[in-house]
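Okay, so here's the structure we're looking at.
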Amino acid sequence: MLNYDELKTEHKNNADRFAYIDFMLRFTGTVRRSEIGTQFNLSDAAASKVLKAYNDVCPNNMRYDHSIRANSLSPDYEPLLEWGAEVALGMLANGFNKNKLSEPARTVIPYEKITSLPDQMKTETVAAITRAISGGYSVHCEYYSKSGKGLSDRELVPLEILNDGEFWMFRAYDRSENSSSRSKFKFFNFARVLSLAENSYESTSKRKEHENIKYDVDWNLEIPLDLKLHEDRCEKEREEIRIDFGLSSGVDQLFILKRAAFLWILKNKWSIDTRTTEQIATENKRLEKVNKQLGENYISNNKKDYKFRLCNLEMIEMLLEQNNSYIKLR
């Protein structure tokens, strides 16, 4: 397995093309002549020559699958190039970029991701999941959940990849979910997949019609969020929030459409207060009572630092109920 500089030294003009073929095989499971032609502006004949040259270097990495008219990943595949999981996911989301292959990556201006961790995600685990998305089949895995299940065996049908600004995640249909009160469509964190086995050759693993993303109610339902800067924030704090969220000076309201599936993530990421008036009154009474026992600073030290109040909670709950959503905001 080579790094990008070694690949350029050994294969010169074909280095970027070989990297692209290797990337597509490993992370999508297939590569087509037309894709190479589009990526590098090559004729069909020239793209065929590149595929042959790659196959001469890596004779065990791909085989032509007549049923899908594409070169597919061979069971004996061995990576030609070293791939980091985060780099690969970034390319799957934003397109192949040879500048990301160098160490350090070639950037237009200096750039560094603060939260990156070298071993947070296993490259082969990520590759197996993204191949399953592309190929439309399930994977068996051990997954560690924060929701109370802890470590458990799952059969998942991966559907989409996404990033919440901190973690890479994927949306999947959970065939292992037996509760009728919980959606089978869920988010999973790549880093929490602890072991995995692919099922691509099993007929039962193929994605079924009802497992497609178009049947994911919460994914396809768009919800209007009416957010108001929280009354507990002083004017200085409000102005800081306005700047962070792209609001004009003096503006206290943010209106935005988001997928219902994102609501719980946004509630936590954006510190949104979804309590009703009754819940706030009950909480304040409780804090005042405890305050008399523990001292006058108890309330100020234990109030949550909300940035926004959700002003249209009742309307959102009505929309969720009408569309048979599984999302609960309180």
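The values are calculated or read from the model by the stated rules, or taken from the named source; none is laboratory data. Remember, predicted model here, so these are calculated numbers, not experimental data. In this analysis, Cβ positions are derived from the backbone assuming ideal geometry, glycine residues included, and neighbour counts consider all displayed protein chains. Just the protein is used for accessible areas: all its heavy atoms, side chains included, with ligands, DNA and RNA removed. Shrake-Rupley method; radii C 1.70, N 1.55, O 1.52, S 1.80 Å.
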*Between the range 309-325 and the range 137-206, how many Å separate their Cα centres?*
27
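Ignoring ligands, DNA and RNA, what percent of the accessible area of the chain is carbon or sulfur (1.4 Å)? Intermediate results must be reported in sequence, preceding the final value.
Numbers: 9290 of 19130 Å².
Reported share for carbon and sulfur atoms: 49 percent.
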*What length, rounded to one decimal in nm, is gained on full extension from Tyr326 through to Asn13, with 0.36 nm per residue of separation minus their alpha-carbon distance?*
107.4 nm
*Pop out the ³J(HN,Hα) list for the range 47-54 in order, Karplus 6.51 cos²θ - 1.76 cosθ + 1.60 with θ = phi - 60°, rounded to Hz; leave Gly and Pro as x.*
5, 5, 5, 5, 4, 5, 5, 4
*Could you list, in their original order, any pairs among Lys206/Lys328; Lys206/Lys269; Lys258/Lys328; Lys98/Lys146; Lys8/Lys49; Lys100/Lys122 whose Cα atoms are separated by more than 26 Å?*
Lys206/Lys328; Lys206/Lys269; Lys98/Lys146
*Take Arg171, Arg69 and sort them by solvent-accessible surface of the protein heavy atoms, 1.4 Å probe, largest at the top.*
Arg69, Arg171
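How far, in nm, would the chain grow between Ala46 and Thr115 when pulled straight, counting 0.36 nm per residue and subtracting the alpha carbon separation? Can you show the working numbers first?
Numbers: separation 69, 0.36 × 69 = 24.84 nm, distance 4.12 nm.
Once the chain is fully extended between Ala46 and Thr115, it gains 20.7 nm.
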_With unit charges on the beta carbons (Lys and Arg positive, Asp and Glu negative) and the dipole taken about the Cα centre of the chain, which residue among Ala191, Ile109, Asn55 sits farthest to the positive side?_
Ala191
*Kirkwood hydrodynamic radius for the range 62-208: how many Å is it when counted over pairs of different Cα atoms?*
16.9
_About the Cα centre, and with charges only on the beta carbon of Lys, Arg (+1) and Asp, Glu (-1), how big is the dipole of the range 18-93? Nearest 20 debye, please._
320
*Please find, in a Gaussian network model of the chain (springs between Cα atoms separated by less than 10 Å), the residue of Phe170, Phe308, Phe245 whose mean-square fluctuation is greatest.*
Phe245
*Which order do Asp218, Asp244 take when ranked by solvent-accessible area (1.4 Å probe, heavy atoms of all protein chains), largest first?*
Asp244, Asp218
*Return the FRET efficiency for the residue pair Val87, Asp65: r is the Cβ-Cβ distance, R0 is 22 Å, and the value is rounded to the nearest 0.05.*
0.25
_Tell me the accessible surface of Trp168 in square angstrom (1.4 angstrom probe, heavy atoms of protein chains only), to the nearest ten._
30
_I need the shape label for the range 214-328. Rule: rounded when a/c is under 1.5, else prolate if a/b > b/c, else oblate, with a, b, c from the alpha carbon gyration tensor._
oblate
*Using the heavy atoms of the protein chains and a 1.4 angstrom probe, tell me the accessible area per residue for the range 1-158 in square angstrom.*
56
*Label corresponding to percent of Cα pairs over 37 Å apart when calculated from the structure given, among (i) 41; (ii) 9; (iii) 34*: (iii)
